[in-house]
Each structure stands twice: as structure tokens, then as C-alpha cells.
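Taking it in order: structure first as C-alpha cells, then the write-up.
Bear in mind that the values in this text are calculations on the coordinates, not laboratory data. Everything numeric in this text was worked out from a predicted model, so none of it was measured. Counting neighbours? That spans all protein chains shown, and the Cβs are built from the backbone with ideal geometry, glycine included.
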Amino acid sequence: MPRFIHRSVKHKRNHQEKLSLQKDLRDSLSIYAPHKVLEHKFNEWKKSRSERSCASVISMTISRFQAINNTFGFHIGDAILQRVLYKLITNTPNEWQWVHLGDDKFLCLIMTDSTRLANVKMFCHQIKGLLEQPFYMEGYDFSLSIKFGSANFTEQQESFASLLKNANIALDIAKRNEKQSFELYSPFIDTGIHTSFEVESQLRKGISEGELELFYQPQWDFSKQDWGGLEVLVRWHHPKRGLLSPDKFIDIAEESGLIHPLGEWIVNKACENHHELLKVCTGMQFPVSINFSMKQLITPNFLESLLSIIKKNGLTPNHFVMELTESLAINAEEGSSILTKARKEGMKISIDDFGTGYSSLSYLKDLPIDEVKIDRSFLSQWTGCEKVQNGIIQSILHLAKVIGVSVVAEGIETKSQFDALHSWGCEKGQGFYLSGPMPHEKVVELMRNTIAKK
Ligand code: C2E
Ligand code: CA
Ligand code: CA
């Protein structure tokens, strides 16, 4: 119990006492305020997080809740808030930590070691459905209206306070729009683009107006001592914000469903570019890796459409590797049958960011795969001497060997990392030490020079 509560209010306080009382009050608020508890947990997470772990803050409100308090009294208002908090806690994943901030406001902190947050928007819609179901309490029927704003942790908005501020900005946007119940804060806000809906429509326009470009990052084949693969990485030349990396827009594309036309554009362009590359470099035998999300994979006719684009461009599926990021949402049976078909056609399957998700090992067991990519967070600040990192990397290499899948190490930034991976029998490597991502024309030049040297 905070100290100030025990003081006698009848006693007239002198100036010193007043100052001390104010300090106590401040301290007690800062210690016991629910958002401070989350802030403390967030700061602890930040200290020990891996490079690719994620966090998100959700701000939630019950619209027109004040009217319930005014009409039915605080005892009913409080019972409703308790009911809401109970439903939030019992119906969201364990890593979602909810607190009631006061009045109609709830706050949630999600911290995960996974590279991607599970589909926050989808969960919020489920919670909304649950909380908005009409219910009966003390002789009255109630139905609530719920709105969410969320902000994801990035290096730019790295403090809890800025995440909270941005989640509230997003919530304000959702509140202003009658038809909208969820808004994700977007880094576009400072360009006057305020909603993910606007980013989505700009991206849609960007696709049709040729603002997207494919970059390529070469992969090194350790045993051949030569380039042995290329990974396709999309970029957006935004008219106001310049060159944008996919981290700035892939999440919104996924949330909005725009990932499907975007993915189709990427596959078409990758085929077109590859066709051109093969004309110039007839000796080039390695495949090109394309990133797909699990959401794309399980879309009806995904594989049929992918195969038809490949054929239309005069190529065969064995020219490509499908890179998939781990996600909570995969239904192993459904995913597995699509991947089996893709493999039968000759495509290789690679699990991206291996070791960071929830289910790395069960993926190996349940899905037909050819390759794992060791996530670059395992190599971050690794000199080749650190015991734990050595252990993790060597274990993945050993495990992969036993079950017969090959390994690509991502994020090689130093010679010592390169040498250690080489000596431990890693098949392929990728990273700034070898080459950063580059435009298609530069890859054509690199491959032409490589072939000429042989
Ligand atoms: P990813 O698949 O893990 O891609 C590798 C990322 O690591 C790329 O960032 C690349 O630029 C960066 N990188 C490469 N070498 C190094 C290094 O040595 N050190 C460090 N620190 N970073 C390195 P990028 O291009 O910003 O891509 C970010 C993520 O966006 C990708 O991560 C991938 O998950 C997603 N993405 C990229 N292109 C596509 C796409 O066409 N479709 C889909 N669905 N997702 C994509
Ligand atoms: Ca990838
Ligand atoms: Ca990766």
C-alpha cells in the first residue's frame, strides 16, 4: 500500500510535508500504474532480445463506455470491465499481456522471439467478435463496440513510450472511421499518409505504375567456391520516401491481402529477369529463391498460378526455390500437401529465418523441405569464438545433415564468420561480407564476369 494513504488528512501539512507527499504520490503512480508494469517487462525484453524478435503494443477501447457508467452506474460498468479483461486474457495467446488502464482503455503488450508477429489484426477481429456478442447482466442487455490501434516495435520507434504513443495514434484513426475497427500504426504517417488503407492504396498504385523493383542477393557455395544462388528481395521506390525495404510495407501488404497481387507481380518479374539472365549466362545452373508468406501458400490456386507464370515465361520450376517464413498460422497438413506438389514439379523448399519461430523442429518433421536458412540473428555479433553461438550453429548444421537438408547461413558480415562456417561444412552463405542485395542489371554483370573468369 502506498505510504501516503496512511497519513492523516486532518493534520495540516507544512511545505516540506507537502513536497514529500507529492513525491510519494508520483512514485506510487509510477510504480503501480499498469502501463508501467508493461514498460518494465518491455525494457527487460529489449535487453535480452535477439535481433529479429518482435514486439507490438495494442491499445483497445470500448466505444461510448461512459454512457454505460452514466446510465447503469459504476458497479455495472466495473463488472463489464472485469468481464472484458477476463475474456481478453483467456482468449489470446500467452504472450499477449493485457492490462486495464482505467475507464474504457485496455493495453496489450506482445513480445515474441519469432521473426514475425502472429497475425495481430486477425486476432483482434476474433476478440472483437467475442466481445461484441450481446450479453445479459443484472437484468439488462448489453452490446459493446470495440476499436483497436496497434504499433509494432522497430529500431526507429524503440521505446515503450513511443510504441504506446503510436498505438494511440492508430487507435484515434480507427475511432474516426466508423467502418474501421483496427488500425496498425504506419511509418508513413509523417508523409501525411495516415492509415494502412492509404499505404495499401499507394502500394497498389505503386505496383501498377512500376515503382517496385527486384533486388538480388547472391549466395556463396562453399564447396564450389563460387556463387551458387540468388535471393529475390523486393524494393519500393516511393515517390516521397525514397527507396523502401520490404520491412516497411510487407506487413501491410499481408494484412490487407495485397500480398497476393504483389506476390504475383514479384513472380512475374523474377521470371522475366531470370529468363534474361539465362540468355546472358548460359552456364549458370543455380536456382533463384523467392520469398513467400505462409498466407500466400495456402491461398486457393496459389501453386497452379505460380506454375503457370513460370511456364508462361519459358522456365521450369527447378529454376526456383520457395522460401517460407515460419509462422504460427500454418496448418501443417494443408501446407504440406501444397509443398509436396511443388516439390514434385521440381521446385525446392526452404525454411527462412530457421530457429527463430515457434515450431522450427516440428516444421522439419511435418513439412517436406530441402533447405533451412539459419537466421541472421544467430550470426549477429558472432566472431566464431562464442561458445553458445558456436553450439547453436553447429547443432543446426549437424541436425540438417542427419535429416538430409542443406543449410544456408544468412547475415555473414565478417571473414571469421565466413571461415568458421566453411570449416564446419555449411553448404551456402549469404551476407554483406560476400555481397549486399543489388539491382538486376548488377547481377547480370556479376554473373557475366564470374563466367568470363572461368
Ligand atoms: P529475409 O528473407 O530474411 O531477407 C534477408 C534480409 O537480410 C534482407 O533484407 C537483406 O537485405 C538483409 N541482409 C542480407 N545480408 C545481410 C547481412 O549481412 N547483415 C544484415 N544485417 N542484413 C543482411 P530486406 O531486403 O530488407 O528484406 C527483409 C525481409 O522482407 C526479408 O527477410 C523477407 O522476409 C521479406 N521480403 C523480402 N522480399 C520479399 C518478397 O518478395 N516477398 C515476401 N513475401 N517477403 C519479402
Ligand atoms: Ca528470405
Ligand atoms: Ca531470412
Check your understanding: Summing +1 for each Lys or Arg and -1 for each Asp or Glu, what net charge is found among the other residues whose Cβ lies under 12 Å from the Cβ of Ile338?
Key -> -1
**Study point:** Label-point gap, in nm, between Lys179 and Glu304 - each point 7 angstrom along Cα→Cβ
**Key:** 3.0 nm
Point to revise | For segment 347-352, Karplus couplings with θ = phi - 60° (6.51, -1.76, 1.60), whole Hz, Gly/Pro x | key: 7, 9, 10, 10, 9, 7
Check your understanding: Cα axis of helix 74-90 to longest principal axis of the chain: angle in degrees, 0 to 90, nearest 10?
Key -> 20 degrees
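Using the number of other C-beta atoms within 10 angstrom as an exposure proxy, rank Cys271, Cys385 with the fewest first.
Working: Cys271 22, Cys385 9.
Ascending number of Cβ neighbours within 10 Å: Cys385, Cys271.
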Review point. When the C-alpha atoms of the chain are aligned to their principal axes, what extent does each axis show, in angstrom, from largest down?
Key: 93, 48, 44
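For a Förster distance of 30 Å, can you work out the FRET efficiency between the beta-carbons of Lys240 and Glu155, rounded to the nearest 0.05?
Details: r = 21 Å, r/R0 = 0.69.
That gives a FRET efficiency of 0.90.
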Check your understanding: What are the residues whose amide H is under 5 Å from the amide H of Trp227, where those residues sit 5 or more places off or on another chain and H is modelled from the backbone?
Key -> Asp221
Point to revise | Cα long-axis angle, helix 120-131 against the chain (0 to 90 degrees, to the nearest 10) | key: 40 degrees
Review point. What shape does segment 205-356 take by its C-alpha gyration tensor, where a ≥ b ≥ c are the square roots of the eigenvalues and a/c under 1.5 counts as rounded, a/b above b/c as prolate, and the rest as oblate?
Key: rounded
Review point. Cα axis of helix 160-176 to longest principal axis of the chain: angle in degrees, 0 to 90, nearest 10?
Key: 80 degrees
Exercise for review: With only Lys, Arg, Asp and Glu charged, each at its Cβ (+1 for the first two, -1 for the last two), find how big the charge dipole of the chain is about the Cα centre; round to the nearest 20 debye.
Suggested key: 1100 debye
Check your understanding: When only C-alpha pairs under 8 Å and at least 6 residues apart count, what is the relative contact order of segment 248-362, in percent?
Key -> 25 percent
Review point. What is the set of long-range amide H partners of Leu244 at a cut-off below 5 Å, with H atoms built 1.01 Å from backbone N?
Key: Trp236, His237, His238
